[in-house]
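Asks: First the structure, which I've put down as structure tokens, then a few questions once you've had a look.
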Amino acid sequence: MTAPTVTSGMAARPFAPSLARAGWVAPICIMLVALWQRAALMPNADIAWYATVLDKLAAGQRLYVDVVETNPPFAVYLYWPASVLARAFGLRAEWMIDGMVFTLGVASLLHCRAILRHAGLGFAAASPWRLAALLAVVFVLPASTFGEREHVALIAILPFLCLQAARAEGDKPTLAASTAAGAFCGLAMLAKPHFALGAAPAVLIAMAFTRSPRPLISLENLIAGGLLLAYAGLVYWLEPAFFMTALPLIMLVYLPVKYGVATFMRNFLSMEICIAALLGATIAAKTRRLTPLHWIALASAVGFYVAVVIQGKGMPYHFYPAFALALLLAADAGMATPWRSPRDMPPAIMIAVILFGYGWTWFNAGFDMRGLVEPVRRVAAYPRVITIGYDFSDGPPVSRAADGEWMGSVASQWATDNVHWLIQNRDQDAGTLDALKKTETWDRDLLAADIRKGDPDVILVQRGPEDWLSWARENPDIAASLDAYQPDGRYLSDGMRVGARLDIELWRRKTLRETAK
């Protein structure tokens, strides 16, 4: 299980001998399923976009100048090693990113194992079923959100949680363990600084158990905090364009687009019930007091959930760290209860299994546009692609899967979509309203320039749920450019997203159709 579960050492041989003997097959099967799933599922839009940005930077373009990105630089450079290796070996960056995440995950879990064994917390007693549950949650549960920053952050923060549990138990971790755990935790916070809300509760609980402030000034905390401060300084020094161009856009049209707390709690009640049920099952199933490791995992899950509420976006992958930790705790609680047959299965195990399935569908709820790949590939041997619309599930992912090139300097017209949301849902003063309208004009002009400079072979126009064709034609340059194209089919998204499907119309250059004849 996760650090909190694989190494808890609380199980008293809960399974029948036959199950125990067969247990080591389970972790192997889980990893095979994880590998198959990576091959079967289309990489998510964020991963495809970051891989595209890194390709553009390798070609000499500049982040925040030639490429519009709202996240701080590390969100992109997190995937830089995989991108470099992909170009060196002539492989798809998405494959290398998957490999990077698998490698990081295994390294993190081995680090957890070393920390907890050093603290004498009973890793040797962990069953293969706990390991199988851990691998399933870390490598299978993320589904289409595999490799997202939330996924990487949980993997990176697990050793830090284990180290705080070891300190709470009175252990003095080695220098190497503290250094590595601090670096891993710093990595998580560089991905998104508010992931500190998942780490901070662990330190507070370690302080409570030791009745000392020493965990607060431990080496791993100093390293993690130092990395965050150094990163802020480096961004200011090396990427001034982030503060001059990206940050004003973020403040105007990205951060304000969020649910209020009450609305958020109401809209995502199902996930909140799931997390509460898992944590409740953990507490109810324990026949003995929760160990520091359990308290730390529980508090970290709550901290990660608070981070989701603060973001207020409700993206499915935002819930992953909180849900994963809660799921691991419930599975561990059930496995610590003796049972010999399915009829004796503890309620915590049943809840964990059922909610694992629910969580998998939740994290697989993207727009699947693989049906567009072959039509785009048929247009040209190396198709140049751009889209018109707010969602970019049909943009960078499709262009990369079709062995083409994304010609846009931004992932989609998300800025205009946010402008529309802010005008419809928030009262704006005259100055802000004027700035929002100028942002929409800028976004439309940017699209016109990208079409003109990129000379795409394919334009993918979003016609539903909202029709963006009329919006684009309001710009005379875009309207004139579209005269060189003609519609060639409508395609609906697949996938598990409930309540909406993308309706994409493929426009291809007329000259290409004539040449093909």
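Asks: For region 382-398, does any single residue satisfy the condition of being outside the structural domain of Tyr259 (by TED's automatic domain parsing) and without any contact (Cβ under 8 Å) to a residue 40 or more places away in the chain?
Replies: yes
Asks: Does Leu219 satisfy the condition of being within 27 Å of the chain's Cα centre (by Cα), at pLDDT 90 or above and assigned by TED's automatic domain parsing to the domain that holds Lys172?
Replies: When the stated conditions are applied, Leu219 does not pass them.
Asks: To continue, here is another question. Kindly indicate whether any position in region 233-241 is aromatic (Phe, Trp, Tyr) and in contact (Cβ under 8 Å) with a residue 40 or more places away in the chain.
Replies: no
Asks: Looking at Leu355, Leu436, which one is surrounded by 15 or more Cβ atoms within 10 Å (Cβ to Cβ) and out of contact with any Cys (no Cβ under 7 Å at 6 or more places or on another chain)?
Replies: Only one candidate qualifies: Leu436.
Asks: Of Leu161, Leu175, which residue is crowded, with 24+ Cβ neighbours inside 10 Å and among the hydrophobic types (A, V, I, L, M, F, W, C)?
Replies: Every option except Leu161 fails the conditions.
Asks: Something else: Tell me, yes or no, whether region 470-478 has at least one residue that is among the β-branched types (Val, Ile, Thr), within 22 Å of Met369 (Cα to Cα) and either in contact with a strand residue (DSSP E or B) (Cβ under 8 Å, 6 or more places away or on another chain) or crowded, with 16+ Cβ neighbours inside 10 Å (or both).
Replies: no
Asks: Let me spell it out: the conditions are (1) farther than 20 Å from Phe102 by Cα; (2) part of a helix (DSSP H, G or I), and Val138 meets all of them except one. Which number is the exception?
Replies: Only one criterion in (1) farther than 20 Å from Phe102 by Cα; (2) part of a helix (DSSP H, G or I) is unmet by Val138, namely (1).
Asks: Need the failing condition index for Ala153 against (1) part of a loop (DSSP other than H, G, I, E, B); (2) surrounded by 24 or more Cβ atoms within 10 Å (Cβ to Cβ); (3) of a type in the set (Gly, Ala, Ser), just the number.
Replies: (1)
Asks: So, one more: Give region 81-103 a look and list any residue that's of a type in the set (S, T, N, Q) and without any contact (Cβ under 8 Å) to a residue 24 or more places away in the chain, or say none.
Replies: Thr103, the sole residue that qualifies.
Asks: Could you check, for region 339-348, whether at least one of its residues is among the polar types (S, T, N, Q), surrounded by 17 or more Cβ atoms within 10 Å (Cβ to Cβ), farther than 26 Å from Ala500 by Cα and outside the structural domain of Arg508 (by TED's automatic domain parsing)?
Replies: no
Asks: Then there's this: Looking at Val373, Val385, can you tell me which residue is crowded, with 24+ Cβ neighbours inside 10 Å, among the aliphatic types (A, V, I, L, M) and over 25 Å from Ile157 (Cα atoms)?
Replies: Of the residues listed, the single one that is crowded, with 24+ Cβ neighbours inside 10 Å, among the aliphatic types (A, V, I, L, M) and over 25 Å from Ile157 (Cα atoms) is Val385.
Asks: Would it be correct to say that Phe195 is touching a Pro at 6+ places or on another chain (Cβ under 6 Å), touching a residue at least 40 places away in the same chain (Cβ under 8 Å) and under 21 Å from Ala107 (Cβ atoms)?
Replies: Spelling it out, it is not the case that Phe195 is touching a Pro at 6+ places or on another chain (Cβ under 6 Å), touching a residue at least 40 places away in the same chain (Cβ under 8 Å) and under 21 Å from Ala107 (Cβ atoms).
Asks: Something else: Looking at Ala196, Ala181, which is the one that is surrounded by fewer than 24 Cβ atoms within 10 Å (Cβ to Cβ), at pLDDT 90 or above and in the same structural domain as Gly303 (by TED's automatic domain parsing)?
Replies: Only one candidate qualifies: Ala196.
Asks: Look at Ala48 and say whether it is under 30 Å from Ser127 (Cα atoms) and either buried (at least 19 other Cβ atoms within 10 Å of the Cβ) or at pLDDT below 95 (or both).
Replies: no
Asks: Still on this structure, please answer the following. Looking only at region 352-405, count every residue that is farther than 25 Å from Ala472 by Cα, part of a helix (DSSP H, G or I) and hydrophobic (A, V, I, L, M, F, W, C) and tell me the total.
Replies: 9
Asks: Of a type in the set (Val, Ile, Thr) and touching a Lys or Arg at 6+ places or on another chain (Cβ under 8 Å): which single residue out of Thr179, Thr210 fits that description?
Replies: Matching residue, one of Thr179, Thr210: Thr210.
The values are calculated or read from the model by the stated rules, or taken from the named source; none is laboratory data. It should be emphasised that the depicted structure is a prediction, and the values quoted were computed from it without experimental measurement. Note that each Cβ is placed from the backbone with ideal geometry, even for glycine, and that neighbours are counted across all protein chains shown.
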